[in-house]
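Step one of this worksheet: look at the structure below.
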Amino acid sequence: MSALIDAQRRDAAISVLGGPTTVVDIAGRRIVMDPTFDPPGVHAYLTKLTGPAVSADALGPVDAVLISHDQHPDNLDDDGRRMALAAPLVLTHPGAAGRLGPPAIGLPPWQSYDLPGGPGALAVQAVPAVHGPADGQRDAGGHINCEVTGFVLSGPGLPTVYLSGDNASMGAVKDVADRVGDIDIAVLFAGAASVPTKEHGRPLTLTSARAAAAAEVLGAKVVIPAHVDGWAHFSEGVDEFVAAFDAAGIGNVLRVAAHGEWIDCR
């Protein structure tokens, strides 16, 4: 059987399709995080370098879409938005839910939502994320860059999965570790994303070194890198990510696969 993702569900597996777009098969559900399915090209002030490894149609039916934030095209592009709004359920933060409309539901930090369907219980919990340096400029809502949320998936007998979203804050990571407990699988958005016009070009997401530190704080048994390539504004890629984990002596927790290939999480 090919390891390339298709419509067939896996028991517990994760695949990164490119950029932030991550597919999680768990507890009989298929969940997509931050869908970006546009072809390469200029998207507002950002440039997409490569398209997704797998098309939205190839995924088959999706049970839920998770959106960390809706205001940046590298996390939700035009085709990704269409895919999300065609799904039966979208979970995101309250501001994004208001802009997207049905079927989007807004979850404030630490609120959980029980996903319907499947053979067993599966909860999605919203967790904090900070999209830039701690001293960054805050908007009217108090958010740096824009409002962002991460997510934790959990249920009886299931691995606990943390999906960071665009987060640069070790404080937010520590809050997740303190309130959720040890994380079995962490999908860390990194890449040290940088835009010259924002925060003096300082990283808006985790650097590779901070991703390694985050993995240690979380006690993560498995770490999967995401959002480290496919866009021109990333300053670090998967090679830097792997090197940072090796330097920290925790390279054994990394699971890296070609885009669109499954990583078995059983």
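The values are calculated or read from the model by the stated rules, or taken from the named source; none is laboratory data. Values in this document were obtained by computation on a predicted structure and should not be read as measured data. For neighbour counting, all protein chains shown are included, and Cβ atoms are generated from backbone atoms with ideal geometry for every residue, glycine included.
Quick notes on this structure:
- Boolean, residue 211 is surrounded by 13 or more Cβ atoms within 10 Å (Cβ to Cβ) and at positive phi: no
- Residues located in region 17-59, provided they are of a type in the set (S, T, N, Q), in a strand (DSSP E or B) and modelled with pLDDT of 95 or more: 21, 22
- Of all residues in region 30-48 being under 17 Å from the mean Cα position of the chain (by Cα), of a type in the set (Val, Ile, Thr) and farther than 10 Å from residue 77 by Cα, the one that is surrounded by the most Cβ atoms within 10 Å (Cβ to Cβ): 31
- Among the residues listed as 70, 74, the single one being closer than 13 Å to residue 33 by Cα, charged (D, E, K, R) and in contact with a Phe, Trp or Tyr (Cβ under 6 Å, 6 or more places away or on another chain): 74
- Matching residues, region 80-129, being under 19 Å from the mean Cα position of the chain (by Cα), surrounded by fewer than 22 Cβ atoms within 10 Å (Cβ to Cβ) and part of a loop (DSSP other than H, G, I, E, B): 87, 89, 107, 108, 109, 110, 111, 115
- Segments classed as helices (runs of 4 or more DSSP H), wholly inside region 152-266, with at least 1 members that are out of contact with any His (no Cβ under 8 Å at 6 or more places or on another chain) and within 17 Å of residue 33 (Cβ to Cβ): 170-180, 208-218
- Residue match in region 5-16 (condition: within 14 Å of the chain's Cα centre (by Cα), farther than 21 Å from residue 235 by Cβ and modelled with pLDDT of 95 or more): yes
- The lone criterion from (1) without any contact (Cβ under 8 Å) to a residue 60 or more places away in the chain; (2) surrounded by 16 or more Cβ atoms within 10 Å (Cβ to Cβ) left unmet by residue 187 is number (1).
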